[in-house]
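Novice: Take this structure first; my questions come after.
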Amino acid sequence: MIDEPTVAEQDADQSELFKEASVMALYVAVCLLAALAAVDEDAGHGHVRAFALIWGTTIGLAVAHAFAFRLSARLVAHGALPRDDARAIAAQLVGAATVAVLASVPVLLVGVTAEFDIARLVLAGFITLSGYTVARQSGASTGRSLVYAGAVVVIGITIALTKNILSGH
């Protein structure tokens with residue numbers, strides 16, 4: 001007889017999958033912010049360049065991460081890919097795609113000259129909202145949560161800018 005997971009085990013599993021999706025979403029958001037900060041905003045390329053940058057970066061990061069995660073999961077599991085690890089990879093891919101969709105919305109809605117600026121703001125907003133949510137869920141007041149969110153977005157932007165400086169952009 002197979003034991004059904006308890007409600008607590010199911011909640012823990014869902015929390016773990018949400019964490020995996022969130023980690024990947026934040027990682028992709030910071031990397032996309034760096035990529036968007038490094039581009040020359042030439043309106044002559046139209047929306048195609050913005051979509052290529054957003055989705056190319058996201059897919060590249062997601063595939064590289066899934067490859068590394070899958071390989072290391074198999075290493076630890078002596079060649080097998082445990083079901084929980086396969087579900088974690090799926091959650092990570094959902095997190096990455098969610099951020100790419102968020103960054104793509106401005107490309108669809110605004111003119112070519114503003115799409116990169118608005119996409120950057122959306123990504124910074126996502127990072128800020130994530131920081132705010134973490135602080136509120138930890139029991140912080142609204143004021144402290146706003147300060148924490150501000151610090152989180154400053155750190156995220158600093159990481160993105162540092163990445164560009166170190167890579168020569």
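The values are calculated or read from the model by the stated rules, or taken from the named source; none is laboratory data. What you are looking at is a predicted structure, and each value in this text was computed from that prediction instead of being measured. Neighbour counts run over all protein chains shown; Cβ positions are idealised from the backbone, glycine included. SASA here: full protein model, heavy atoms, side chains in, ligands and nucleic acids out. Shrake-Rupley method; radii C 1.70, N 1.55, O 1.52, S 1.80 Å.
Novice: Looking at Tyr148, Tyr132 in this structure, which one is open to solvent by 70 Å² or more (accessible area, probe 1.4 Å), in contact with a helix residue (DSSP H, G or I) (Cβ under 7 Å, 6 or more places away or on another chain), among the aromatic types (Phe, Trp, Tyr) and at pLDDT 95 or above?
Specialist: Criteria check complete, one pass: Tyr148.
Novice: Looking at (1) surrounded by 14 or more Cβ atoms within 10 Å (Cβ to Cβ); (2) in contact (Cβ under 8 Å) with a residue 60 or more places away in the chain, find the lone condition where Thr113 falls short.
Specialist: It fails just one condition, (1).
Novice: Follow-up. When you scan the stretch 91-106, how many residues do you find that are open to solvent by 20 Å² or more (accessible area, probe 1.4 Å) and modelled with pLDDT under 95?
Specialist: So in the stretch 91-106, the residues open to solvent by 20 Å² or more (accessible area, probe 1.4 Å) come out as 93-94, 97-98, 101-102, 105.
Among the residues that remain, those that are also modelled with pLDDT under 95 are: 105.
Looking only at that region, the number is 1.
Novice: Further question on the same structure: Return the residue satisfying two criteria in turn: it lies in the stretch 117-128 and is open to solvent by 10 Å² or more (accessible area, probe 1.4 Å) and touching a helix residue (DSSP H, G or I) at 6+ places or on another chain (Cβ under 7 Å), and of such residues it is farthest from Gly60 (Cα to Cα).
Specialist: Looking at residues that are open to solvent by 10 Å² or more (accessible area, probe 1.4 Å) and touching a helix residue (DSSP H, G or I) at 6+ places or on another chain (Cβ under 7 Å), I get Thr128.
Novice: Another one. Of the numbered conditions (1) under 17 Å from Met24 (Cα atoms); (2) open to solvent by less than 70 Å² (accessible area, probe 1.4 Å); (3) not hydrophobic (A, V, I, L, M, F, W, C), Asp84 fails exactly one; give the number of that condition.
Specialist: That leaves (2) as the condition not met.
Novice: Test Leu17 against the stated conditions and say whether it is closer than 25 Å to Thr158 by Cα, at pLDDT 85 or above and buried (at least 17 other Cβ atoms within 10 Å of the Cβ).
Specialist: Numbers: closer than 25 Å to Thr158 by Cα: no; at pLDDT 85 or above: yes; buried (at least 17 other Cβ atoms within 10 Å of the Cβ): yes.
No; evaluated as a whole, the condition is false for this residue.
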